[in-house]
Amino acid sequence: MAFIARSVALIALAVLLLHCEYSQGGAQQYEVLSAATRAALSRAAADRPAPDNYLAADAAGQRWLVEMRVRMAQRAPGRFATVADTDAFLKTVHYEATRAGLDPQLVLAVIDVESAFRKFAVSRAGARGYMQVMPFWVKEIGQSDHNLFNLRTNLRYGCLILRHYLDTERGNLDRALGRYNGSLGRPDYPRAVERTLRDRWR
């Protein structure tokens, strides 16, 4: 029985690794959160998803969606099977970024640099998904059934974490991005995100 159990576990691990794409993204560093911060982030992580008709009734939102869809086709061809899948991704980015007080195009630039829009990307440090979220965040602010490879979960966590770092750094985007990537004090990552934002998503 023990041999069978080990064999099943190895097969499951092999299947997971086949679906994962390794990423060059960095990793947020674990820091002790105050009880108030943890509670606020936990409430935000558990909030409701975007409404089904999100951006549908808003002319500016529709223009944004069409423009970003074109850019996605240029930047990440083949990442999404259908236009509907691309739209679902973009609507979720817009919703989660906006509710966290972030520029949706900044979030697209972070995803571009962190994972190149690969849903199952995994960094050497173990960061996961589109926004390369470290698993310790699930224990800190989430629930045990939160899956960081899930689209909404990953984007929600990533946006909340970046907002948290922006607040910690009093609005200093370079330092917040450095914290997000686990490279605080080094300029390469903030410059890469800012260049990607300027050249590809503005």
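Eigenvalues of the alpha-carbon gyration tensor of the stretch 22-201, scaled by 5 and square-rooted, set the equivalent ellipsoid semi-axes at 24, 19, 16 angstrom, largest first. Exposure proxy ranking for LYS139, LYS91, based on other Cβ atoms within 10 angstrom of each Cβ and starting from the fewest, stands as LYS139, LYS91.
What is the percent of Cα-Cα separations in the stretch 76-152 that go past 16 Å? So the portion of pairs separated by more than 16 Å is 54 percent.
Bear in mind that the values in this text are calculations on the coordinates, not laboratory data. All figures in this text were calculated on a predicted structure; none of them were measured in a lab. Don't worry about glycine lacking a Cβ; one is built from the backbone with ideal geometry, like all the others, and counts go over all protein chains shown.
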